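Report on the following structure.
The values are calculated or read from the model by the stated rules, or taken from the named source; none is laboratory data. If you're wondering where the values come from, they're calculated on a predicted model, not measured in any experiment. All Cβ positions, even for glycine, are placed from backbone atoms using ideal geometry, and neighbour counts span all protein chains on display.
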Amino acid sequence: MGVTDAPQWLTSAFVRSCKGAGATAEPAQIEAVAQDLIERWSQPQRHFHNLRHLTDVLMRVDELAEETHEPELVRLAAWYHGTVFDSAERASYAGRGGEDERASAALARAQLTELGVPHDAVERVAELVTALVRHTANPEDFDCAVLCDADLAMLAAEPQRYRAYLEDVRAEYAHLPIESFVRARIKILRKLSERPRLFLSPLGAAWEEPARQNTAAELHRLEKELRRIESAEDAGSDGTTPSTPAGSPA
């Protein structure tokens, strides 16, 4: 999904959220910012963290909106949460992936301030974006909980869509050697498995069981894949011909 086939409702949705947050700029100026954000989300190196992901997160926020205090600010945070992205190897996948939440928050501050959004609202959007660095929210911060849940909702997708998600993530980090990617992904999945809850909002709790099933199955598969890779390396170091590992953990 690119700029040319972006859903028509996206731009008007951004304008509506900005106006709801108190923006004083003319609609044409707000639309220009929306177009800039759509172009950022449509960059060719994005295979998962792309425009489709943005629309998915926005729709999930809509599903959980009744639990928010300031839904338009949560929607704006969804728009900005992955606007700055770099999947290059120097951006450690196991650490934070390619999303740069702090740089994205800085962009939100600059653009929303220019659109006349009040300072407190701008700072709240930036705070919500930055909270996604660790995907942990204070359970009493309902807006932050909803944003985190909406961003993680793909973990609860039906199995076929979850497999497609894994393929997209692997494509996004295709420059990483298979072993490096598998180890990084295992690290992420183990961290998720240690959490007492993946989803903090009451409505998001319905996604807990399918997400646990998906991530547990993926972790089991990747741990098996890593053992196969390590066995092949051991065989190679002994001077024997190593077996060929699978090309993708997805």
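Looking at region 157-172, which of the residues that are touching a residue at least 12 places away in the same chain (Cβ under 8 Å), of a type in the set (A, V, I, L, M) and in a helix (DSSP H, G or I) is nearest to Asn214 (Cα to Cα)?
Looking at the filtered set, the residue picked out is Leu166.
Under 8 Å between Cβ atoms, which residue pairs at least 6 apart in sequence (or on different chains) link something in region 15-32 that is at pLDDT 95 or above and among the acidic types (Asp, Glu) with a partner that is buried (at least 20 other Cβ atoms within 10 Å of the Cβ) and not in a loop (DSSP other than H, G, I, E, B)?
Pairs found: Glu31/Phe14; Glu31/Val15.
For Val129, are the conditions met, namely being of a type in the set (A, V, I, L, M), within 16 Å of Pro71 (Cβ to Cβ) and in contact (Cβ under 8 Å) with a residue 40 or more places away in the chain?
Yes.
Among the residues of region 32-47, write down those that are touching a Leu at 6+ places or on another chain (Cβ under 9 Å) and not in a helix (DSSP H, G or I).
Applying the first criterion (touching a Leu at 6+ places or on another chain (Cβ under 9 Å)) to region 32-47 yields 33-34, 37-38, 40-42.
Scanning region 32-47 gives a single hit, Ser42.
Residues in region 233-245: is at least one within 29 Å of Val74 (Cβ to Cβ) and either in a helix (DSSP H, G or I) or at pLDDT below 95 (or both)? Let's see the steps before the verdict.
Just the residues of region 233-245 that are within 29 Å of Val74 (Cβ to Cβ), to begin with: none.
No: zero hits.
Look at region 69-111 and say how many of its residues are of a type outside the set (Gly, Ala, Ser), part of a loop (DSSP other than H, G, I, E, B) and at pLDDT below 95.
Adding up the residues that qualify gives 9.
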